[in-house]
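Colleague: Got a structure here, written out as structure tokens. Questions coming.
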Amino acid sequence: MKKIYHPASSRGYVDHGWLKSAHTFSFADYYNRARMHFGVLRVINDDFIEGGSGFGTHPHNDMEIVTLPLEGVLKHQDSMGNSGVIREGDIQVMSAGTGITHSELNASDTTPVKFLQIWVFPREKGITPRYDQMHIADSAKPNDFQLIISPYEDEEGLWIHQDAWFHLACFDKGVSKEYYLKKEGNSIYIFVIYGKARIGEQILNERDGYGIWDTDHFSLEALEPSEILLMEVPVELPQ
């Protein structure tokens, strides 16, 4: 098993006043040649937006974009005609494909919103854009791996155009479970949303990241009540 550890303190950080963001991988003005991506996982941005602020209309293409709200309410509008809000307990997916524009605004004038935005390279370019969201909190699986993203429309959670599986693990202290990778040759990136966990000899604290490859399984143990995001993705970038 090969592995790489990214402590939370090693992330790129930006403070624009209205926006505070920590970047696990190179993004915008943060550039780290050793931190460009992890397999097809391109972006993990840990965003905080003040009330009454947000990202105005901007474009994307050829990227699968997953948004996971952590606190507050995020308002979304896009060129496909979708408009609405997402909040803690929801998940949102956009396949940017041939091109979309969208905005992400804090739906409150006073309360901050916190969310993870994750970008994944799609299996192929030029996909027809699409949008989806769902409430996943009602199907939570305490002390187990909850599937929230997969490559298949008929599986639990939402789907994307990539051989990727995302799980949420909400574990009580002392819970330990084996994770078995879904596809041979895939890698997995673990991101601790809150809490403290252990994989092998590696201790992971809040907002730490840990990449693993060249294995088909590993054991994840919660050292305190924890919420952990597991992102299994292909190692090789699409051609």
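Just so it is clear, none of the values below were taken in a lab; they were calculated from the coordinates. Only a predicted model underlies this, so the values are computations on that prediction, with no experimental measurement involved. Glycine also receives a Cβ, built like all others from the backbone with ideal geometry; neighbour counts cover every protein chain displayed.
Colleague: Give the Cα extents of the chain along the principal axes, in whole Å, largest first.
Modeller: Computed over the chain, the largest-to-smallest principal extents equal 44, 40, 39 Å.
Colleague: Multiply the residue separation of R198 and E153 by 0.36 nm, subtract the distance between their alpha-carbon atoms, and state the gained length in nm to one decimal.
Modeller: This chain segment gains 13.0 nm when fully extended.
Colleague: Based on alpha-carbon centroids, what's the gap between segment 195-239 and segment 112-147 in Å, whole number please?
Modeller: Measuring centre to centre over Cα atoms gives 17 Å.
Colleague: Cα atoms only, segment 58-119: Rg and Dmax in Å?
Modeller: Computed over the Cα atoms of segment 58-119, radius of gyration and Dmax are 11.5, 36 Å.
Colleague: Let me ask you something else. In whole Hz, with x marking every Gly and Pro, tabulate ³J(HN,Hα) for segment 40-56 from phi via Karplus 6.51 cos²θ - 1.76 cosθ + 1.60, θ = phi - 60°.
Modeller: Taking θ as phi minus 60°, the curve returns 8, 7, 9, 9, 10, 9, 9, 9, 10, 10, 5, x, x, 10, x, 8, x Hz for segment 40-56.
Colleague: How long are the three semi-axes of the equivalent ellipsoid for segment 139-234, computed from the Cα gyration tensor as the root of 5 times each eigenvalue, in whole Å, largest first?
Modeller: Those come to 21, 15, 11 Å.
Colleague: A further question follows. How about segment 1-89: which trypsin sites (Lys or Arg not before Pro) there lie in a loop by DSSP and see at most 16 other Cβ atoms within 10 Å?
Modeller: Those satisfying the criteria are R33.
Colleague: What does the convex hull of the Cα atoms of segment 15-60 come to per residue, in Å³, rounded to a whole number?
Modeller: Output value, Cα hull per residue: 86 Å³.
Colleague: Still on this model: Extension gain T128-H58, at 0.36 nm per residue separation less the Cα-Cα distance, in nm?
Modeller: 23.4 nm
Colleague: Ignoring chymotrypsin sites (Phe, Trp or Tyr not before Pro) that are buried or in helix or strand per DSSP, and keeping those with at most 12 other beta carbon atoms within 10 Å, what is the longest stretch of the chain between them?
Modeller: Counting at most 12 other Cβ atoms within 10 Å as exposed, the longest clean stretch of the chain is 32-151.
Colleague: At a Förster distance of 41 Å, what's the computed FRET efficiency of M80 paired with S176, Cβ-Cβ distance as r, to 0.05?
Modeller: 0.45
Colleague: If you add up the charges near Y131, with Lys and Arg at +1 and Asp and Glu at -1, over every other residue whose beta carbon is less than 15 angstrom from its beta carbon, what do you get?
Modeller: Summing Lys and Arg as +1 and Asp and Glu as -1 gives -4.
Colleague: Along segment 89-102, what does the Karplus equation 6.51 cos²θ - 1.76 cosθ + 1.60 (θ = phi - 60°) give for ³J(HN,Hα), rounded to whole Hz, x for Gly and Pro?
Modeller: Running phi through 6.51 cos²θ - 1.76 cosθ + 1.60 with θ = phi - 60° gives x, 9, 9, 10, 10, 10, 9, 6, x, 5, x, 9, 10, 7 Hz.
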